[in-house]
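Novice: If you scroll down you'll find the structure; I have some questions about it.
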Amino acid sequence: MINPKKILLLMFSFSSIIANGQWILQNRELSGPNLYDIKFINRNTGWVCGSKTIMKTTNGGFNWIQQTTPATNKNLNEIFPIDSNLVYCVGSWETILKTTNGGNNWIAIRNGPMYQGQSYLSLYFTSKDTGWIAGEQYIMRTLDGCQSFDSTYLNHWLYSLHFKNSNTGLGVGAAGGVFKTTNSGINWIQINIVPEPLGWIYNLSVIDNKYCYFVERQRSLYRSTNFGDTWDSICSVPYFEGINPDYCTFSSLNTGWVGGPGRLIKSTDGGYIWRQEYLAYGFQVLTMYFLNDNTGWIAGGKATIMHTTTGGEPLLNILQTGNDIPSDFSLEQNYPNPFNSMTNVKFEMLNAGNVKINVYDITGREVALLVNKYLQAGTYEVRFESRDSPSGIYFYRMEANGFTDVKRMILLK
């Protein structure tokens with residue numbers, strides 16, 4: 001039998017490392033490596049790579065499992081899953097890795113000596129065999145799954161690649177360079193952009209193989225509506241004064257994010273207006289991946305990974321069910337319980353104040369923030385939907401004006 005007092009102590013022990021808002025902490029190591037790229041093939045299965053590390057999840061990030069690679073001392077810069085089995089990864093000092101069984105075994109296509117040769121910064125595949133790898137001076141093409149390569153000398157670092165087919169691709173990188181190829185990477189033409197971006201560009205975000213976005217390190221956001229032929233300056237992104245933004249991604253034409261040291265901002269109007277999102281810890285956002293406008297992950301320093309299923313937005317499902325002033329604060333048992341994906345939590349406020357209700361799994365990890373709002377005295381009800389969480393025992397905790405209570409719920413799918 002589970003001791004509620006032990007669970008309550010466990011919750012308090014985790015209170016210093018759980019996130020507020022709708023960004024939920026999934027992984028963090030105080031002395032952990034930086035994470036440079038994160039990719040998912042569906043809602044459950046994804047990989048993240050970084051300094052001397054590759055990790056994999058098969059349950060949406062609730063658990064991340066370290067994978068063993070031949071490149072034990074390299075920075076791994078970008079990862080590219082083709083499907084649940086075939087994944088490519090590139091890194092520093094001539095490192096190219098490949099797995100054909102989801103990462104149970106990684107093969108070193110190349111694994112050069114430390115501090116020798118060029119580092120590989122980005123990659124993109126249009127099929128299981130056809131792909132491109134960009135280094136510090138060359139762009140290499142493979143047509144046979146990295147068994148062999150041909151290469152093009154560019155003398156320009158490209159940090160991000162995107163190909164819309166086997167012929168036409170874009171690359172962005174150092175010193176604001178934007179390049180395009182229409183002959184499968186044999187030749188690259190630099191795109192002239194006015195006003196010319198001055199800062200380095202670390203990633204390119206592409207929607208429907210047509211609409212492209214990037215933010216350069218001087219904070220200017222650019223957009224193309226014709227796959228990179230022409231570019232418009234949208235704005236200078238706010239909240240980054242004196243700080244260089246590192247990453248920009250759009251999940252749709254209207255919804256996008258820009259991240260960097262201690263900052264994450266979001267736009268829902270195509271990049272014209274931005275608002276800052278609250279993230280605990282102030283860690284450096286180095287990479288992001290979104291399946292859609294609601295479901296996404298961010299990763300960065302200290303092996304930190306955070307996840308949202310609401311696009312970072314607070315849940316607006318609080319219903320006031322009574323105006324009479326209760327006799328005390330109270331947190332009632334959820335109903336139905338056990339539940340399948342959706343349940344309701346009723347609570348009472350003796351007087352006005354801020355109320356916070358969190359949901360935790362059996363380990364004390366926060367999985368949802370149901371309420372974090374100033375409410376008047378009265379009776380309220382909030383709905384909890386859990387479509388991604390596994391079956392099991394969960395606990396929900398209410399804090400309001402010095403009142404604290406914890407109750408147990410059971411999710412059965």
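Where a number appears in this text, it was derived from the coordinates with a stated rule and is not lab data. Everything numeric here is computed off the predicted structure, so don't read it as measured data. Using ideal geometry, Cβ is built from the backbone for each residue, glycine included, and neighbour counts are taken over all protein chains shown.
Novice: Find how much the distance from residue 218 to residue 118 grows on full extension, using 0.36 nm per residue of separation minus their present alpha carbon separation; answer in nm with one decimal.
Specialist: Details: separation 100, 0.36 × 100 = 36.00 nm, distance 2.65 nm.
Here the answer is 33.3 nm.
Novice: When every alpha-carbon pair in the stretch 127-221 is counted, what percent end up more than 24 Å apart?
Specialist: So the portion of pairs separated by more than 24 Å is 18 percent.
Novice: Which value in nm describes the separation of the simple spin-label points at residue 166 and residue 363, placed 7 Å from the Cα toward the beta carbon?
Specialist: 4.3
Novice: Pop a pseudo-label 7 angstrom from the Cα along the beta-carbon direction at both residue 294 and residue 405 and give the gap in nm to one decimal.
Specialist: Distance between label points: 2.9 nm.
Novice: Ok, one more. From the square roots a ≥ b ≥ c of the eigenvalues of the alpha-carbon gyration tensor of the stretch 318-411, which class results: rounded (a/c under 1.5), prolate (a/b over b/c), or oblate?
Specialist: prolate
Novice: Residue separation times 0.36 nm, minus the C-alpha to C-alpha distance between residue 344 and residue 225: what's the value?
Specialist: Working it through step by step, the gained length comes to 38.4 nm.
Novice: Within the stretch 26-308, how many Lys pairs that are eight or more residues apart, or on different chains, come under 20 Å at the alpha-carbon?
Specialist: Eligible lysine pairs with Cα atoms under 20 Å apart amount to 22.
Novice: Follow-up. Report the Cα centroid-to-centroid distance between the stretch 57-101 and the stretch 215-231 in angstrom, as an integer.
Specialist: 29
Novice: Between 38, 186, 305, which gets the highest mean-square fluctuation from a Gaussian network model of the chain, Cα cutoff 10 Å?
Specialist: Checking each option, the largest mean-square fluctuation is seen for 186.
Novice: Tilt of helix 4-14 relative to the longest C-alpha principal axis of the chain, in degrees (0 to 90, nearest 10)?
Specialist: That works out to roughly 40 degrees.
Novice: Can you compute the modelled spin-label distance between residue 254 and residue 354, with each label point 7 Å from Cα toward Cβ, in nm?
Specialist: The modelled label-to-label distance comes out at 3.0 nm.
Novice: Given 25 °C and 0.890 mPa s, how large is the Stokes-Einstein diffusion coefficient of the stretch 267-381 in µm²/s, with Rh as the Kirkwood radius over Cα pairs?
Specialist: Once the numbers are plugged in, D ends up at 146 µm²/s.
Novice: May I ask you to compute the full-extension gain from residue 268 to residue 189, defined as 0.36 nm times their residue separation minus their alpha-carbon distance, rounded to one decimal in nm?
Specialist: 25.2 nm
Novice: Can you classify the chain as rounded, prolate or oblate using the Cα gyration tensor, where a ≥ b ≥ c are the square roots of its eigenvalues, rounded means a/c under 1.5, and otherwise it's prolate if a/b beats b/c and oblate if not?
Specialist: Taking the square roots of the gyration eigenvalues as a ≥ b ≥ c, the chain is prolate.
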